[in-house]
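Working notes for the structure below.
The values are calculated or read from the model by the stated rules, or taken from the named source; none is laboratory data. Here the structure is a predicted model, which means the values were calculated and not measured. As a convention, Cβ positions derive from the backbone with ideal geometry for all residues, glycine included, and neighbour counts pool all protein chains shown. Accessible surface areas use protein heavy atoms only, side chains included; no ligands, DNA or RNA. Shrake-Rupley method; radii C 1.70, N 1.55, O 1.52, S 1.80 Å.
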Amino acid sequence: MSINIERALEQLWACAAASVPEWLPMRYIEWLPEAYEIALGFRAAAKGRSNIYLVLLDFADRGETYGVYVGMSKYSPAQRFDQHKAGIRAAGSVLKRGIEVLTGPTMHLQFIKRSEAARIEAQLAEALAGAGLVVKGGH
């Protein structure tokens with residue numbers, strides 16, 4: 001099934017790349033619907049300047065398929081991902097294994113108060129790990 005989805009995604013990107021929303025992942029991830037459900041269980045009460053983000057990690061060399069890094073930053077998720085990949089205050093797991101930002105699950109956790117972001121980051125990482133995902137980050 002995932003091979004068919006990967007093929008369909010390749011065709012989609014070839015034909016309609018400019019119109020595909022930024023939050024759509026570029027590959028099939030079996031556990032992504034569950035990650036959406038888990039992330040939707042978290043809410044922030046106060047607005048601020050911090051953002052929660054998820055990064056898809058490649059664990060193919062360890063016999064796993066994908067994992068996820070949970071982080072928080074004052075930068076946008078895309079900017080922070082670029083920083084990780086450039087080695088700027090980089091988490092080793094994202095630097096080595098980071099594939100893409102999973103924007104969709106955490107869209108509602110942007111521009112929140114720093115103290116709430118720290119709490120949500122840790123709790124989200126714990127909840128995702130509890131669901132059986134390979135999780136890094138979430139300090």
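Points worth noting:
- Net charge over other residues, Cβ less than 12 angstrom from the Cβ of residue 84 (K, R count +1; D, E count -1): +4
- Electrostatic dipole magnitude of segment 41-139 [Cβ: Lys, Arg +1; Asp, Glu -1; Cα centre; debye, to 20]: 480
- Stokes-Einstein diffusion for segment 68-139, with the hydrodynamic radius set to the Kirkwood value over Cα pairs and evaluated at 25 °C in a medium of 0.890 mPa s, equals 196 µm²/s.
- Angstrom value of the Kirkwood radius, inverse mean 1/r, which spans all Cα pairs in the chain: 15.5
- Value of [θ]222 nm, deg cm²/dmol, for the chain, DSSP H segments ≥ 4, -39500 (n - 2.57) each, nearest 500: -12500 deg cm²/dmol
- Segment 48-139, accessible area per residue, ligands and nucleic acids excluded (1.4 Å, Å²): 47
- Near residue 49, once Lys and Arg are set to +1 and Asp and Glu to -1 for all other residues with Cβ below 9 Å from its Cβ, the sum equals +4.
- Label-to-label distance, residue 10 versus residue 88, with points set 7 angstrom from Cα along the beta-carbon direction: 3.4 nm.
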